[in-house]
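Laboratory data are not the source of any read-out in this text; all were calculated from the coordinates shown. Note that the structure is a prediction, hence the values are computed from the model and not measured.
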Amino acid sequence: MVWFLERKSEVLVCEVRQAEDGPEFELALRKLGEAEQIQRFEEPTRLIEEWLARQQALHRAGWRPRG
C-alpha cells in the first residue's frame, strides 16, 4: 500500500510492504529527492500499529494526503 502526502512543496511517499528478502514487513518513508527510511517488523499487527501512530504524527506536523 502506498500513500503520497504533501506539506507545502514537499512530498512524502509512505509504503507498507512485504520485505523482498524474507517474511518480514516494512514501513518505508521517503521524501522526494532523499534516501528511504525503512523500519522492519516481524508481525503485521505491529507494523499497522506503528503506521497508525506515524500517520497521526505526520498529520499533526502538517502533512496531508496529496490530491
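Give me a comma-separated list of calculated 3J(HN,Hα) values for segment 56-67, in order, Karplus coefficients 6.51, -1.76, 1.60 applied at θ = phi - 60°, integers in Hz, x for any Gly or Pro.
Calculated HN-Hα couplings, in order: 5, 5, 5, 4, 5, 7, x, 7, 10, x, 6, x Hz.
Compute the relative contact order of the chain as a whole-number percentage, counting only Cα pairs closer than 8 Å that sit 6 or more residues apart in sequence.
Values: 100 pairs, mean separation 19.9, N = 67.
Once normalised by length, the contact order is 30 percent.
Ordered by residue, what ³J(HN,Hα) values in Hz, to whole numbers, does segment 26-35 give under the Karplus form 6.51 cos²θ - 1.76 cosθ + 1.60, where θ = phi - 60° and Gly and Pro are x?
With coefficients 6.51, -1.76 and 1.60, one gets 10, 10, 10, 10, 8, 7, 4, x, 10, 6 Hz.
What length, rounded to one decimal in nm, is gained on full extension from Leu52 through to Glu15, with 0.36 nm per residue of separation minus their alpha-carbon distance? Don't skip to the answer; put the middle values down first.
Working: separation 37, 0.36 × 37 = 13.32 nm, distance 1.25 nm.
That pair, Leu52 and Glu15, stretches by 12.1 nm at full extension.
Starting from the amide H of Val11, placed 1.01 Å from N in the peptide plane, find each other amide H under 5 Å away whose residue is 5 or more places distant or on another chain.
Long-range HN contacts for Val11: Leu32.
Determine the calculated [θ] at 222 nm for the chain from helices alone, applying -39500 (n - 2.57) to every DSSP H run no shorter than 4 residues and normalising by the residue count; nearest 500 deg cm²/dmol. Write down the numbers at each step before the final one.
On the way: 1 runs with 17 residues, N = 67.
Calculated mean residue ellipticity at 222 nm is -8500 deg cm²/dmol.
When the convex hull of the C-alpha atoms of the chain is computed, what volume per residue in Å³ does it have? The partial results should precede the final answer.
Working: hull volume 5.6 nm³, N = 67.
Measuring per residue, one finds 83 Å³ for the Cα hull of the chain.
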